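For reference, the structure is listed below as structure tokens.
What follows draws every value from the coordinates through simple rules; no lab data is involved. All values reported here derive from a predicted model rather than from experimental measurement. Here Cβ is always computed from backbone atoms with ideal geometry, including for glycine, and neighbour counts include all displayed protein chains.
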Amino acid sequence: MIEVMIPDFKWNQENWIIRKVESIENAFDVIKNCDGNVKNVLFDCNYANGINDALKEIFDNLKWVEKIIIKQENIFVGIFCKICRY
């Protein structure tokens, strides 16, 4: 079943969604069934281990994702984009 994405917020004239995940390693599983209407994702995760592998899986398999922000609890981990290849 395809999940219809509704923007959670707008920043610099870009729509973003927020997804809560236990670990960034689970991020692909959380958004793989989204429809791709919103190209930017903020992941709020409890554990940010394995960021490089998770980003590679997302950017390689989900062509609609352009930018990802990762935050771990109250810590800003980083902003990653497809063009820059994280």
What the Cα atoms of the chain span along the principal axes, largest first and in whole Å, is 27, 26, 25
Taking θ = phi - 60°, what integer Hz values does the Karplus form 6.51 cos²θ - 1.76 cosθ + 1.60 yield along the stretch 30-39, in sequence order, with x for Gly and Pro? 6, 10, 5, 9, 7, 7, x, 5, 10, 8
Hey, rough spin-label estimate for Ser23 and Asp8, points 7 angstrom out along Cα→Cβ, what's it come to in nanometres? 2.1
Under DSSP loop assignment and at most 15 Cβ neighbours within 10 Å, longest trypsin sites (Lys or Arg not before Pro)-free interval of the chain: 1-31
Share antiparallel - DSSP beta bridges, the stretch 1-43, percent rounded to 5: 40
So for the chain: antiparallel DSSP bridges make up what percent, rounded to the nearest 5? 40
